[in-house]
Amino acid sequence: MKIRVLESARKDLVDGFYFYEKQSDGIGTYFLNSIYSDIDSLRDNAGIHPVYFGEYHRLLAGRFPFAVYYKVMEDAALVYAVLDCRREPAWIRSVLS
């Protein structure tokens, strides 16, 4: 299965990188590597994650409190957002709508 990370998700990844890089040098890079590893797992596992907010599958990241929101379209997993799970569910819903 192909994976497409949409521009909205790329922005989320950049925001997460800068957030963690401010905490300590190198953590931002570790964050990106970890999240991209989780996203790469969609090649084999896309579609098995629970559906939230009506239409998005949610993959919980392994090492950070983030979730990858994606949809399966034919032969591709489209990643729409990578969001901090510590945010209010209403905020997450508004970002995804």
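Solvent exposure of residue 88, expressed as accessible area, is near 130 Å², computed with a probe of 1.4 Å over the protein chains only.
Can you find, among 90, 78, 60, the residue sitting farthest towards the positive end of the charge dipole of the chain, where Lys and Arg contribute +1 and Asp and Glu -1 at Cβ? The listed residue farthest towards the positive side: 90.
Using the Karplus relation 6.51 cos²θ - 1.76 cosθ + 1.60 with θ = phi - 60°, the per-residue 3J(HN,Hα) values for the stretch 80-97 come to 8, 7, 10, 10, 6, 5, 7, 7, 4, x, 5, 5, 4, 4, 5, 5, 7, 8 Hz, with x marking Gly and Pro. Shown in residue order for the stretch 8-17 are the 3J(HN,Hα) couplings computed by the Karplus curve 6.51 cos²θ - 1.76 cosθ + 1.60 at θ = phi - 60°: 4, 6, 4, 4, 4, 5, 5, 4, x, 4 Hz (x for Gly and Pro). Helical content alone sets the calculated 222 nm signal of the chain at -13500 deg cm²/dmol, taking -39,500 (n - 2.57) per DSSP H segment of four or more residues and averaging over every residue.
At the residue level, residue 41 shows approximately 40 square angstrom of accessible surface with a 1.4 angstrom probe and all protein chains present.
Here the spin labels are modelled as points 7 Å beyond Cα on the Cα-Cβ line, and at residue 7 and residue 93 they lie 2.8 nm apart. The charge dipole of the chain, taken about its Cα centre with unit charges on the Cβ atoms of Lys, Arg (+1), Asp and Glu (-1) only, comes to about 140 debye. Along the stretch 32-39 the Karplus relation, 6.51 cos²θ - 1.76 cosθ + 1.60 evaluated at θ = phi - 60°, assigns HN-Hα couplings of 4, 4, 5, 5, 5, 5, 4, 4 Hz to successive residues, with x for each Gly and Pro. Computed with a 1.4 Å probe over protein heavy atoms only, the accessible surface of the chain comes to 60 Å² per residue.
Calculated from the structure at hand, mean projected area of the Cα convex hull in nm² is found among (1) 5.8; (2) 7.7; (3) 5.4 as (1).
Using a probe of 1.4 Å on the protein chains alone, the accessible area found for residue 93 is around 130 Å². Amide H contacts under 5 Å for residue 52: 57, 58, restricted to partners 5 or more places along the chain or on a different chain, H placed in the peptide plane at 1.01 Å from N.
Around residue 54, what is the net charge, scoring Lys/Arg as +1 and Asp/Glu as -1 over all other residues with Cβ under 12 Å from its Cβ?
Within the 12 Å Cβ shell, the charges total +2.
The Cβ shell under 15 Å around residue 63 holds other residues with a net charge of -2, Lys and Arg each +1, Asp and Glu each -1.
Solvent-accessible area of the stretch 5-97 (1.4 angstrom probe, protein heavy atoms only): carbon and sulfur portion equals 51 percent.
The values are calculated or read from the model by the stated rules, or taken from the named source; none is laboratory data. Everything numeric in this text was worked out from a predicted model, so none of it was measured. Virtual Cβ from ideal backbone geometry, glycine too; neighbours counted across all protein chains shown. Just so you know, the surface numbers come from the protein's heavy atoms only, side chains and all, with ligands and any DNA or RNA stripped out. Shrake-Rupley method; radii C 1.70, N 1.55, O 1.52, S 1.80 Å.
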